[in-house]
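Report on the following structure.
Values in this text are rule-based calculations from the coordinates and carry no lab data. Bear in mind the structure is a predicted one, so any value in this text is a computation, not a measurement. Because the Cβ atoms are built from the backbone with ideal geometry, glycine has one as well, and the counts that use them run over all protein chains shown.
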Amino acid sequence: MSYYYCTIYMTLSLLVLMLSIIFCNKNMLKNKRKVFIIIYFLLGIATFCEWLSICMNGVAREDIITLHKFVKFLELSITPTFFVIYAQMIFSISKKSKIVFDIFPIILLVVHTIFEFLSMNYGFVFLVDDAGYFHYGDFYNLFLLTFALTSIYFFQKLFLFSKYYQNKNGIIILLIVSFIIIGMSIQFAYPNLKTTWLTIGMASVFVYIYYNEITMYIDYLTQLLNQRSYKLYLEHISFPVTILLFDVDCFKSINDTFSHHFGDTILSMFGSIIKEVYGNHGKCYRIGGDEFCVILTDYNSAEELQHRFIEKIEEARKLEPRFPYISMGSAHCEPGYQDISDVIKIADQDLYYWKNKRKQTRNLTNPKNPEK
């Protein structure tokens, strides 16, 4: 038991430390902070319930047996809820997601909780015998199935979240999955080694770090990668890329004429267009107020993507006639032969050449320019 008490101490200390970090994190959205706080409180409750259950195991007093049943009901009911809370309140990226897909985990949790509640009297999923000992019930596989399905749902949402924010480090998600599987398998193989809550607690720390790692590089308005991410990525480019620079024409005039709120709407619309067109072919950034960049890794698709980009701009202007003109410049980079900073200067000169050309002629005919 000394080993188990050490595990409980480590788990609860970890949760207290994480709660302190979350409370002090003023850079996270308030609604996300609240969800993380709820998750770690629930983890603490579940860990406490497991400890209390072990302390009561084998105590034959009727009142203790009743409390023992209730404690196990809480612990087993809470366990799969973490994954659904994470998936729907932290890693949900679209209000247009399939309703059936998101409702199914809720239905599964309700059914599972009902069975857990009935188990206190009928022993479906678990039972505490007259001698006060805990046992798995005939329907314990329902708990395992619920845990497995909700965890798959969570990791699918985590993957989509990472992809949406242009984070391609799928290996990290795989490592978190492997850590949870290995940690919980230890307890299934050796029931006396209570590793479940320490494993879930540590995995929650990894998830928190991973979430912050993604969101700290996101531009809040456009949901593209921010300037910090852009600067850091440039330092690691060691393969051929095409630099595309974009600038919203007369953006100051738009803010002065139609309000800053409308200007933000335009930037958000433009950011969505860039991500939709180029998101699967490179990295998309907002690098300044009305300045954007795409680091295109799929050079062979550049012309096709530009035509698609033009179409999306025209569609946006049909929806919003005040949608401004866009200037674009480009330059190709071959690391080892060119310095990336020099290539960016070339792309920037190209952008301003076509911007000035349009100011002079008001006739946008060059195929390099997104507007016609």
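Enter the Cα centre distance for the pair the stretch 50-77 and the stretch 164-187, rounded to the nearest angstrom.
32 Å
Specify the inter-centroid distance of the stretch 123-148 and the stretch 274-302, based on alpha-carbon positions, in whole Å.
52 Å
Using alpha carbons only, how many degrees (0 to 90, rounded to 10) separate the axis of helix 260-278 from the longest principal axis of the chain?
On a 0 to 90 degree scale, this one is about 80.
Going by alpha carbons, how many degrees (0 to 90, nearest 10) lie between the helix axis of 340-361 and the longest principal axis of the chain?
The angle comes out at about 50 degrees.
Between LEU232 and TYR133, how high is the FRET efficiency from 1/(1 + (r/R0)^6) when r is the Cβ-Cβ distance and R₀ = 41 Å? Nearest 0.05. The partial results should precede the final answer.
Values: r = 56 Å, r/R0 = 1.37.
The pair LEU232/TYR133 has a calculated efficiency of 0.15.
Rank these for me by crowding, ASP256, ASP298, ASP348, ASP290, going from fewest to most other beta carbons within 10 Å.
Values: ASP256 11, ASP298 14, ASP348 17, ASP290 20.
So the ranking, lowest neighbour count to highest, is ASP256, ASP298, ASP348, ASP290.
In Å, what is the Rg of the alpha-carbon atoms in the chain, and how long is Dmax?
Here Rg and the maximum Cα pair distance are 27.0, 92 Å.
How high is the relative contact order of the chain, in percent, with contacts defined as C-alpha pairs under 8 Å that are six or more residues apart? Let's see the in-between values first.
Details: 452 pairs, mean separation 47.3, N = 372.
This gives 13 percent for the chain.
How would you rank GLU304, GLU235, GLU116, going from fewest to most other Cβ atoms within 10 Å of each one's own Cβ?
Working: GLU304 11, GLU235 8, GLU116 25.
Fewest to most other Cβ atoms nearby, the residues stand as GLU235, GLU304, GLU116.
Could you list HIS261, HIS307, HIS281 so that the one with the fewest beta carbons within 10 Å of its beta carbon is first and the one with the most is last?
Values: HIS261 8, HIS307 12, HIS281 19.
In order of increasing Cβ crowding within 10 Å: HIS261, HIS307, HIS281.
How long are the semi-axes of the equivalent ellipsoid of the stretch 124-268, defined as square roots of 5 times the Cα gyration tensor eigenvalues? Whole Å, largest first. Walk me through the numbers on the way to the answer.
Numbers: eigenvalues 470, 75, 28 Å².
For the stretch 124-268, the ellipsoid semi-axes come out as 48, 19, 12 Å.
So what's the angle, to the nearest 10 degrees on a 0 to 90 scale, between helix 2-24 and the longest Cα principal axis of the chain?
Approximately 40 degrees, to the nearest 10.
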